[in-house]
1. Being among the β-branched types (Val, Ile, Thr), in contact with a Pro (Cβ under 9 Å, 6 or more places away or on another chain), part of a helix (DSSP H, G or I) and within 18 Å of Arg316 (Cβ to Cβ) is the requirement here; does Val52 meet it?
2. From the residues in the range 101-117 that are outside any loop (DSSP other than H, G, I, E, B) and over 14 Å from the mean Cα position of the chain (by Cα), which one is nearest to Tyr207 (Cα to Cα)?
3. Output the residues belonging to the range 108-165 that are closer than 29 Å to Thr223 by Cβ and free of Cβ contacts under 8 Å to residues at least 12 places away in the same chain.
4. Just to verify a result, which residue in the range 14-40, among those that are assigned to a helix (DSSP H, G or I) and over 23 Å from the mean Cα position of the chain (by Cα), is farthest from Ala320 (Cα to Cα)?
5. Do we find that Glu43 is without any contact (Cβ under 8 Å) to a residue 24 or more places away in the chain, in a loop (DSSP other than H, G, I, E, B) and acidic (Asp, Glu) in this structure?
6. Please count how many residues of the range 108-166 are of a type in the set (Asp, Glu) and farther than 23 Å from Asp234 by Cβ.
7. In the range 145-163, is there at least one residue being assigned to a loop (DSSP other than H, G, I, E, B), more than 18 Å from the chain's Cα centre (by Cα) and either hydroxyl-bearing (Ser, Thr, Tyr) or modelled with pLDDT of 95 or more (or both)?
8. The conditions are (1) in a loop (DSSP other than H, G, I, E, B); (2) at pLDDT 95 or above, and Cys265 fails exactly one of them. Which is it?
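The values are calculated or read from the model by the stated rules, or taken from the named source; none is laboratory data. Owing to the predicted nature of the structure, the values given are computational and were not obtained by experimental measurement. In this analysis, Cβ positions are derived from the backbone assuming ideal geometry, glycine residues included, and neighbour counts consider all displayed protein chains.
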Amino acid sequence: MRTTEVALPAGAAGTSAGRLAAGVRAWVESPPLRALVGHFGGEWPAGDVGAVLAGLDDFSARHWDFRQGRERPDAREPAFDPATVGLVLDSARALGLVRASPPTLPGYAHLLVLGGLAHACLRRTAYAAHLARAVVGVAGEVAVLGSFRALSPAETRILAEVGVTGCATEVDVLDAGVRAAFAVSAPSEEIGEDADHPHRSWSSRTYRPAGLPPVRVLAAPSTEPDRRRAHTADTQRFWAEHVRLCAGDAVLMVTAPIYVPFQHCDALRTLAVPYGCGIDTVGVDPALAAVAGVPEPTLTPGRYLQEIRSAIRSLRALHAALP
């Protein structure tokens, strides 16, 4: 099958709702996704784009949801035959989950770093420091977004292997990554609220590295604290409220390549649509020396299918939010 990468919905500032809707349709109805659904025995859903997205959400819940409500490291890994493995990997490449692309602009209003598992927090903060020093201008701030999610024993072991200790939560690791990558030791400002539960608590630490924009490490509360921890969209909204995001601002967002489609579409929904800003989402380039020393787990066919499902769900939410 062809592996030409399918474009995600456009993220330039001021992109119209009609163009965003066309981008959603183009990704969802692309040949690689159709081929993948057909291979797993699915019939293509009938109806308009909203109905297709709903049908694909249901289909992927039955066939590609290996987490079943658990955190990503706890997802089961399915056993596939070689032909299925090859198709899944080809589809992941074509749908934009594999290749690390460079930023498209020479400068941005803000640079966002999304949190994640412990190794990812360190890789992304290191890559963001590289971008801010050598690749793009940042007129506003570097914002590092996470939550008070408790680390798993496996994450703690990974951190110990690379000499990082004293971290209990995701935001602790992000903070450690910022201190190392941006060569800072203490925040110039620290505020927050220690609520009765980590899902309700928040914190903000601002560092001022020499010759670079300020770096804010933000732990967001959940918008549904009785049900779950803060997720990506919560952290993006919480940051936007703090920074006073403006129409026309170009925002560069750093994550891992496997998460680019779903997190890009989340940012379009939570930031671009309500604020009129631009979103450019890039994955960490694993070839860079600045990040090569931090281990990355093997990305399996099951992991790719799980994140293709995440992208479908994010596209569905974006499509529903369009005026």
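1. Considered against the rule, which asks whether it is among the β-branched types (Val, Ile, Thr), in contact with a Pro (Cβ under 9 Å, 6 or more places away or on another chain), part of a helix (DSSP H, G or I) and within 18 Å of Arg316 (Cβ to Cβ), Val52 comes out as yes.
2. Top of the filtered list is His110.
3. Pro153
4. So the residue we want is His39.
5. yes
6. Number of matching residues: 1.
7. Within the range 145-163, one or more residues are assigned to a loop (DSSP other than H, G, I, E, B), more than 18 Å from the chain's Cα centre (by Cα) and either hydroxyl-bearing (Ser, Thr, Tyr) or modelled with pLDDT of 95 or more (or both).
8. So the condition that Cys265 fails would be (1).
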